[in-house]
Structures are given as C-alpha cells and as structure tokens.
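Some notes on the structure that comes next.
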Amino acid sequence: MSLDISATPSVSKALETRITVRDFLDTPVPSDVLSEILTKALRSPSGGNLQPWKLHVMTGETLAEFKKRAAARTLAGKVEEPTYRAYPSPLWEPQRSWRYKLGEDMYALLDIPRENKLGRLVWLAQNAKFFEAPVGIIITGHK
C-alpha cells in the first residue's frame, strides 16, 4: 500500500482550521457520504488500538423524535448525572475564568443577557437537538 502524503493535510493545519459549528443546514447527508466519514472515523486511535466504542447514528424520524424528547427533558431541568465529568471540580485558574469568559462572550454574541435565564436554557437545549444537524451521533463505550 502506498500513501500519498502530499494530499494529506498536516496535523498543524487541521488544528489551525478547526471550527465549532452551532448552526447546520437541514440538508440530509447522503448515506454513502455518511458511511465513508464514519468508516474513516472508526480508524481513530485508541488505547491498545481496541477502538472500544459503539456509534449510534440517527437520521430522519428517529433523530427528530430523539431531539424532541431530549430538548423537552433539558427545558424541564432534567439533567442526567454524567458517567465522567467533563471538567474537574473545582475547576482551577486560569481555566475557570477563561471558561466563564468564553460563555459570557458566546451569550453576548447571541444577545442573551445574563439575567435571561430562560433564554440561556433554550439555547442550552440546542445541544440536545444537535444544533439541528441532519445527523445525530452518540458514541458509547463500556465503562
């Protein structure tokens, strides 16, 4: 097998051009494109190259129902206790201040003031709706 590395972007370039998307088109992703992306993603490295994850891919009516239920739970204040924390508790400086400022800047860009708790909760519910992406993927693994 020969690998043409001239066509492969560098890790540095991939990191420099990385973006976080919070708004998606409602255009369906063709199944062959989705399959190709997932097949390549499954080659991601893992400890011992075990690739111990399972992908739960949702589209169409299944995704619509999931988003409806997940958003309703979020808006009702029902939050599951995570298996693993995303951040250490307590979060130390300067990460704590940086994370706080990042959130404040994001809500300012969205024109949702600090005192608008409902507006912030409604925005948070967009996470549960995959920001309206046409494909939802949940990755699970054995604890």
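Taken over the stretch 56-133, the percentage of Cα pairs per 10 Å bin, counting from 0 up to the bin with the maximum distance, is 16, 35, 39, 11, 0.
Evaluate the charge dipole of the stretch 24-143 about its Cα centre and quote only its size in Debye, nearest 20, assuming +1 on the Cβ of each Lys and Arg and -1 on the Cβ of each Asp and Glu. Could the numbers behind the result be given before it?
On the way: 17 positive and 13 negative charges, 92 e Å.
Roughly 440 debye, rounded to the nearest 20.
At R0 = 22 Å, how high is the FRET efficiency between Phe131 and Ser10 if r is their beta carbon distance? Nearest 0.05 is fine. Taking R0 as 22 Å, the efficiency between Phe131 and Ser10 is 0.20. Annotation: for a label point projected 7 angstrom from Cα along Cα→Cβ of Glu80, residues of the stretch 26-68 with backbone N closer than 15 Å are 54-58, 66-68.
Computed from phi, the 3J(HN,Hα) profile of the stretch 65-74 under the Karplus parametrisation 6.51, -1.76, 1.60 (θ = phi - 60°) reads 5, 4, 4, 4, 5, 5, 5, 4, 4, 4 Hz, with x in place of Gly and Pro.
Loop by DSSP (not H, G, I, E, B), at most 15 other beta-carbon atoms within 10 Å: where is the longest site-free stretch of the chain for GluC sites (Glu not before Pro)?
Values: sites that count: Glu80, Glu115.
Formally, the longest exposed-site-free interval is 1-79.
Summarise the accessible area of the chain (1.4 Å probe, protein heavy atoms) by the percent that is carbon and sulfur.
Taking all protein chains in place, the chain shows 60 percent carbon and sulfur surface.
Annotation: extensible slack from Thr140 through Glu36 equals 35.4 nm (criterion: 0.36 nm per residue apart, minus Cα-Cα distance). Taking every alpha-carbon pair in the chain and binning the separations at 10 Å intervals from zero gives 8, 25, 37, 24, 5, 1 percent.
For the options Ile19, Ile112, Ile37, a Gaussian network treatment of the chain with springs between C-alpha atoms closer than 10 Å singles out Ile19 as fluctuating the most.
Backbone phi angles across the stretch 86-96, fed through the Karplus curve with coefficients 6.51, -1.76 and 1.60 (θ = phi - 60°), yield HN-Hα couplings of 6, 10, x, 10, x, 6, 8, 7, x, 4, 4 Hz in residue order; Gly and Pro are listed as x. Checked against a 18 Å cut-off, the cross-linked pairs Lys40/Lys67; Lys78/Lys129; Lys68/Lys129; Lys40/Lys143 give Cα-Cα distances beyond that limit for Lys40/Lys67; Lys40/Lys143.
For the stretch 74-119, taking Cα atoms only, Rg and Dmax work out to 13.2, 33 Å respectively.
A straight line joining the Cα centroids of the stretch 16-55 and the stretch 65-122 runs 24 Å.
Exactly which chymotrypsin sites (Phe, Trp or Tyr not before Pro) in the stretch 78-129 are in a DSSP loop and have at most 16 other Cβ atoms within 10 Å? Write down the numbers at each step before the final one.
Values: sites: Tyr84, Trp92, Trp98, Tyr100, Tyr107, Trp123; in loops: Tyr84, Trp92.
For chymotrypsin sites (Phe, Trp or Tyr not before Pro) across the stretch 78-129 that sit outside H, G, I, E and B with at most 16 neighbouring Cβ atoms in 10 Å, the list reads Tyr84, Trp92.
Using a probe of 1.4 angstrom and keeping all protein chains present, the accessible surface of the stretch 24-143 works out to 80 square angstrom per residue.
The calculated 222 nm mean residue ellipticity attributable to helices in the chain amounts to -13000 deg cm²/dmol, summing -39500 (n - 2.57) over DSSP H runs of n ≥ 4 and dividing by all residues. Heavy-atom accessible area for Arg69, with the other protein chains in place and a 1.4 Å probe, reaches approximately 150 Å².
The values are calculated or read from the model by the stated rules, or taken from the named source; none is laboratory data. What you are looking at is a predicted structure, and each value in this text was computed from that prediction instead of being measured. As a convention, Cβ positions derive from the backbone with ideal geometry for all residues, glycine included, and neighbour counts pool all protein chains shown. For accessibility, only protein heavy atoms count, side chains too; no ligands or nucleic acids. Shrake-Rupley method; radii C 1.70, N 1.55, O 1.52, S 1.80 Å.
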